[in-house]
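Derivation of every value follows stated rules applied to the coordinates shown; laboratory data play no part. From a predicted model like this one, the values you see are computed outputs, not experimental measurements. Counting neighbours? That spans all protein chains shown, and the Cβs are built from the backbone with ideal geometry, glycine included.
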Amino acid sequence: DWIMGDYIEEAVQKIREQVGNEEVILGLSGGVDSSVAAALIHRAIGDQLTCVFVDHGLLRLNEGDMVMDMFAGKLHARVIRVDASELFLGQLAGVTDPEKKRKIIGGLFVDVFKAEAEKLKASGQGHKGATFLAQGTIYPDVVESGGTKTKKATTIKSHHNVGGLPEQLGLKLLEPLRELFKDEVRELGVALGLPPEMVYRHPFPGPGLGVRILGEVRKDYADLLRRADAIFIEELRNTRDEATGKTWYELTSQAFTVFLPVKSVGVMGDGRTYDYVVALRAVQTSDFMTADWAELPYSLLKRCSGRIINEVRGINRVTYDVSSKPPATIEWE
Ligand code: XMP
């Protein structure tokens, strides 16, 4: 609309002034904030922006391709996709402690990103190397780190995604979303032409499926989890609540599947199965500090469990998590 159009014009001017003829690098995660930041900066400076998309092998089904289709395909932005899944899974082998897993994933992310920034500098393909690091920091993040509001969760789980990167890389920061609230970021994203499904997506943690596979992270577990989770999310998107007319995806704040590396007995045809268990988790919350488990319709849960067990060989039991936060956290690790 009108107002958003003006806002974009102004923001684009500001970015151009700040960046001049220098270059910008941005870590694209597929999440709302980095996506909107990338779209806005690309609008302002085109190929002076290079996005680096690190695939740690712990993304959701087809997520990497979707991000590439959108940014490289539709927006024609420069995007480097780094398939680092073997590196991440290799370093995670045998590690079961949740905080250790987070540290490994966060640390490797920084290493891979740094290596890409160096490569870019050395490549000479029209690149002098970036002097700016762009981040999708939004207003609530700014307020939090200023200490005005304390985020309890950070003391319970380390949420570092790209913490400390600008210092380590010796880059100046470009944070064009610093003044915006989440809702405004979403509106901006839509106005910039990002698809609503991307802009209104539930949050996804930086360590990805790494904290949704309990204990040791393995590729075969991740593959099973991706397929089960895709079914759950598809059903939530396709099922509408009659009273409100909204989908259950819209009516929940975050929903996902958790892989439990335990086997239970089942029966299929005239055979016995001995396969893995998943838990479905859906919560409603306004701030993610506290959350209620969502009272999803039984018919929806029934469809999900039926489909997951029939379509994902290797999973023979589906449970639903009825724990609220506190005392449970939203993620299982
Ligand atoms: P918890 O599990 O602490 O989650 O109730 C609250 C919100 O934070 C997200 N979360 C993370 N996000 N890195 C992230 O970027 C992390 O390590 C991490 N751990 C939890 C979680 O998905 C929920 O939205």
Could you tell me the center-to-center distance, by alpha carbons, between the range 219-251 and the range 182-196 in angstrom? 22 Å
Computed on Cα atoms, the radius of gyration and Dmax of the chain in angstrom are 20.7, 70
Between helix 219-238 and the chain, what is the angle of the helix's C-alpha long axis to the longest principal axis, kept within 0 to 90° and rounded to the nearest 10? 90 degrees
Show that you can apply the helix-only estimate: for the chain, add -39,500 (n - 2.57) for every DSSP H stretch of four or more residues, divide by all residues, and state [θ] at 222 nm to the nearest 500. -12500 deg cm²/dmol
Tilt, helix 298-311 to longest principal axis of the chain (alpha-carbon atoms), in degrees rounded to tens, equals 90 degrees
Of all DSSP beta bridges with both partners in the chain, the antiparallel percent, nearest 5, is 45 percent
Which distance in nm do the two modelled labels at residue 313 and residue 184 give, with both placed 7 Å along the Cα-to-Cβ direction? 5.3 nm
On a 19 Å Cα-Cα criterion, which of the cross-link pairs 74/121; 101/325; 14/119; 14/172; 219/263; 74/119 come out too long? 74/121; 101/325; 14/119; 74/119
Taking Cα atoms only, helix 32-45 is inclined relative to the longest principal axis of the chain by an angle, in degrees rounded to 10, of 30 degrees
Given backbone amide H placed at 1.01 Å from N, residues whose amide H is under 5 Å from that of residue 180, ignoring those fewer than 5 places away on the same chain, are 139
Taking other Cβ within 10 Å of each residue's Cβ, how do 232, 204, 88 sort, fewest first? 204, 88, 232
Going by how many other Cβ atoms sit within 10 Å of their own, how do 139, 221, 298 line up, fewest first? 298, 139, 221
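Counting Lys and Arg as +1 and Asp and Glu as -1, each charge on the Cβ, what is the dipole of the chain about the Cα centre in debye, to the nearest 20?
It works out to roughly 840 debye.
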Could you give P(r) for the range 212-320, binned at 10 Å from zero, as whole percent values over all Cα-Cα pairs? 14, 44, 31, 10, 1
Amide H neighbours of residue 320 at under 5 Å, excluding residues fewer than 5 places away on the same chain, with H built from the backbone geometry, are 280
Hey, with R₀ at 30 Å, roughly what FRET efficiency would residue 72 and residue 220 work out to, going by the Cβ-Cβ distance, to 0.05? 0.55
Using +1 at the C-beta of Lys and Arg and -1 at the C-beta of Asp and Glu, which of 113, 4, 71 has the Cα lying farthest in the positive direction of the dipole of the range 1-135? 113
Residues of the range 197-241 with amide N under 20 Å of a point placed 7 Å along Cα→Cβ from residue 3: 200
